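The values are calculated or read from the model by the stated rules, or taken from the named source; none is laboratory data. Just so you know, these numbers come straight off a predicted model, no measurement behind them. For neighbour counting, all protein chains shown are included, and Cβ atoms are generated from backbone atoms with ideal geometry for every residue, glycine included.
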Amino acid sequence: MEYKVLDQISDEIKLNKKVALATITRVEGSTPRKEGSMMGIKEDGSIFGTIGGGKLELVVMEHAKKCIINGESKRFNFKLTDDKGSLHMQCGGEAEVFIKVFNTFDKLFIIGGGHIALELYELGKMLDFYTIIVEDREEFCNINRFPKADELKVGNIQQVIDEYNIDDSSYIVIVTRGHKHDEIALKAIIDSEAKYIGMIGSKNKTKYIMDNLKNEGVSQQKLDKVYAPIGISLGGETPKEIAFSIMAEMLMVKNNGSLNHLKDIKK
């Protein structure tokens, strides 16, 4: 049933995994399956659903794996005959298959819902991040405050974070209301594969938290990957300016940028 294939596609997308959907969009003559038949293809090549089995399904699977690697959706035409350039099948018909690739997306986790979080949320949505707000206070994490957030998670910060698969497409900004909650959040995230982890605070506060985690057995190597104090020194002290400096640092990490004036870079 096609709806089951779509359900599994949706599950893979929610896990932020690459997946492809192959759909027969046109048929002529005799073919294994009719128009609208669907098959899902995971990044490891495993499939769910079917477009008829046999040589057609095998070739589509191989094309889909290449499409996933390249992150491109494509349309293919297959002759199901024994002629030169065909799939050497005996069906005798022709099938057009469209392979739609669902790529991973960059996730911005904003842990905290205060003034700086609000400004980061605006910048994150402007830059097309899938944005998740994590807070333990409902009055600072609701649809009225963050109307365009992709997810709003209210509850115990550590428990909420533990629910997620935080991978190398994840960007974490810790801006809670105090060092106690910042420390809880950082401890929950420190072992993850997040591309960026930043925590707000003064040098004294961040050193205090880092020392606590080190005393609990967190390695210096893991602590060194945390951007704390957070942000690039752009000057300014308003929530908007602080948020902008954080986002600038995050984008530098995301895009492998550097702290250079373009006018000073020699061609």
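At a glance:
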item: Looking only at segment 254-267, and only at residues there that are part of a helix (DSSP H, G or I) and loosely packed, with under 15 Cβ neighbours inside 10 Å, the one that is modelled with the lowest pLDDT; result: LEU262
item: Matching residues in segment 231-253 - criterion: being surrounded by fewer than 11 Cβ atoms within 10 Å (Cβ to Cβ) and touching a residue at least 12 places away in the same chain (Cβ under 8 Å); result: SER233
item: Filtered residue count, segment 10-31, keeping only those that are within 23 Å of ASN77 (Cα to Cα) and in contact with a strand residue (DSSP E or B) (Cβ under 8 Å, 6 or more places away or on another chain); result: 12
item: Yes/no for GLU183 being in a helix (DSSP H, G or I) and either out of contact with any helix residue (DSSP H, G or I) (no Cβ under 8 Å at 6 or more places or on another chain) or more than 27 Å from ASN260 (Cβ to Cβ) (or both); result: yes
item: Residue list for segment 125-148, filter: hydrophobic (A, V, I, L, M, F, W, C), surrounded by 20 or more Cβ atoms within 10 Å (Cβ to Cβ) and more than 19 Å from TYR196 (Cβ to Cβ); result: CYS141, PHE146
